[in-house]
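Working notes, beginning with the structure itself.
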Number of protein chains: 2
Amino acid sequence: METERTSIWLRPERGSRGRAPEHTRDGIAAVAVRLADSAGLDAVTMRSVAGALGGGSASLYRYVESRDELVALMVDQVNGELDYTVLQHTDWLADLLALGRQSRDVYLRHPWLTDAPAATGDLGPNAVAYLEHALGAMRDLDVDGHRKLEAVGVFNAVVRLLARNEIEQRGTDPLDRRRQLAAAAQLAQGGAHPHLAAALSAPPVEPDVDQTERLLTRVLRGLLGA
Amino acid sequence: METERTSIWLRPERGSRGRAPEHTRDGIAAVAVRLADSAGLDAVTMRSVAGALGGGSASLYRYVESRDELVALMVDQVNGELDYTVLQHTDWLADLLALGRQSRDVYLRHPWLTDAPAATGDLGPNAVAYLEHALGAMRDLDVDGHRKLEAVGVFNAVVRLLARNEIEQRGTDPLDRRRQLAAAAQLAQGGAHPHLAAALSAPPVEPDVDQTERLLTRVLRGLLGA
DNA sequence: TAGAATAGCGAACACTGATCGCAATTGAGG
DNA sequence: CCTCAATTGCGATCAGTGTTCGCTATTCTA
């Protein structure tokens, strides 16, 4: 009856009384991230990761309880690519925007991250560091704590949304993009969707850092006031 | 060399010269949605859906080119549960909040929707209706069209984020929730994460319609001004 | 040095999405 | 009414997946 298992973040990385493992969690996650970077999250198979490590797939289960746990490891690993040490502390918005810019970079570097399943269970150490950093930026703000947490959640959702959008556009060549937009506009022109047609008639907005910062600024101003 | 396939929304539902199919796309999607509602998206297997329809799994591929297309059908189907006919047209915010409330209901009714993969390719008819409706609510707003589209995107992301949160909490009994929160607070109390500790010390915010509307209001005010 | 805990892993299991080819069914054109 | 081509339903099958089991080999602790 001891099917109750503890989170991977609380489980010790290795037992103290046996043979030494050949890999570390970070090493395994690094290999998996490399695979996902170059061939997508679907290419991260127990077999492919084990193969890249030079071992059998069954061995992976000495480190990880399931593939989902492996993905959780990957997510937290790339969350460790941000720099959580620099904080201006004179302008909370500027500090948050800097964080957003870093986060966006991570998404663009690891496109699979945008469609990694939402973290279930408890957060990894780097996710906690992310939270702490964001909250630190807001420390002088006179807002309830849990509302700050809400703000961080929305903040992250917006960064991910825009990054996903950028990645999608990056994968399509501009010619097809124009064609697609034109087709949509023509479809909307049929009269059934006048407002959509109007919206699409305006010149499109370039998705880039500036758009991200502009949107984040407005969203954060709305959420946190002033 | 004719591997080029067209989107399912443009493909005709049935050929005109052969035998009549036994099912409709909507019927298939409805069965799949019912399955997902009661057992999660993973329970939506080609075999299980075909079985529920009383046929073999290979037959499904006469209606759908892949499982992803089936999921796309499901998503658009539940997007059809919203009422796109009522629009006050006196207060854009109120109209958008009404849309958000409906959208939230859909997410809560179909929990799998929060982790359905983001729509790739072009939008289904109900997604287009959603867009048109949201843009209609904003018709008198003096804002660039593509910014309105951005706003709808963020709007939807926020609704989904909060719905996901609600669903997660709904699945956990309050006792465990308290315990989890206390554990996190204690972990943060270690001194390494002071701001996180502070944020968690405040009383938590109930996730419900009111929270959703409050957040949407602030976000939309920030994005669209006043 | 003995013993126990741990790591590595080949082989297997239960599934999955997807394909192929064939038989059954039907509508449209003569 | 008949023909025939288009289309559907689907059993069988394939390649690939996550995961488990049981064994062997290793190595730390006592």
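Quick look at the values:
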quantity	calculated
Tabulated pairs, segment A:180-200, first more than 20 Å from residue B:87 (Cβ to Cβ), second part of a loop (DSSP other than H, G, I, E, B) and open to solvent by 60 Å² or more (accessible area, probe 1.4 Å), C-beta under 9 angstrom, 6+ apart or interchain	A:180/B:122; A:181/A:204; A:183/B:122; A:184/B:122; A:184/B:123
Yes/no for residue B:60 being within 15 Å of DNA strand C (Cβ to nearest atom) and either surrounded by 15 or more Cβ atoms within 10 Å (Cβ to Cβ) or under 30 Å from residue B:211 (Cα atoms) (or both)	yes
Residues satisfying the stated conditions in segment A:146-162, i.e. in contact (Cβ under 8 Å) with a residue 60 or more places away in the chain and open to solvent by 40 Å² or more (accessible area, probe 1.4 Å)	A:147
Residue in segment B:101-124 that is loosely packed, with under 15 Cβ neighbours inside 10 Å and more than 17 Å from the chain's Cα centre (by Cα) present	no
Residue list for segment B:42-68, filter: within 15 Å of DNA strand D (Cβ to nearest atom), under 21 Å from residue B:121 (Cβ atoms) and outside any loop (DSSP other than H, G, I, E, B)	B:46, B:49, B:60, B:67
Hits in segment B:173-191 (condition: within 26 Å of residue A:160 (Cα to Cα) and either in a loop (DSSP other than H, G, I, E, B) or open to solvent by 60 Å² or more (accessible area, probe 1.4 Å) (or both))	B:181
Candidates B:40, B:15, B:27 - the one that is on the phi > 0 side of the Ramachandran plot, of a type outside the set (Val, Ile, Thr) and open to solvent by less than 60 Å² (accessible area, probe 1.4 Å)	B:40
Test: residue in segment A:7-18 that is within 16 Å of DNA strand C (Cβ to nearest atom), within 14 Å of another protein chain (Cβ to nearest Cβ) and part of a loop (DSSP other than H, G, I, E, B)	yes
Condition check for residue B:81: modelled with pLDDT of 95 or more, within 16 Å of DNA strand D (Cβ to nearest atom) and not small (Gly, Ala, Ser)	no
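So that you can scan it fast, the table gives a plain yes or no per residue for (1) within 18 Å of residue B:129 (Cα to Cα); (2) in contact (Cβ under 8 Å) with a residue 24 or more places away in the chain; (3) open to solvent by 40 Å² or more (accessible area, probe 1.4 Å):
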| site | (1), (2), (3) |
| --- | --- |
| B:10 | yes, no, yes |
| B:31 | no, no, no |
| B:45 | no, no, yes |
| B:65 | no, yes, yes |
| B:74 | yes, yes, no |
| B:87 | yes, yes, yes |
| B:94 | no, no, yes |
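The values are calculated or read from the model by the stated rules, or taken from the named source; none is laboratory data. Keep in mind it's a predicted model, so treat the numbers as computed, not measured. As a convention, Cβ positions derive from the backbone with ideal geometry for all residues, glycine included, and neighbour counts pool all protein chains shown. Just so you know, the surface numbers come from the protein's heavy atoms only, side chains and all, with ligands and any DNA or RNA stripped out. Shrake-Rupley method; radii C 1.70, N 1.55, O 1.52, S 1.80 Å.
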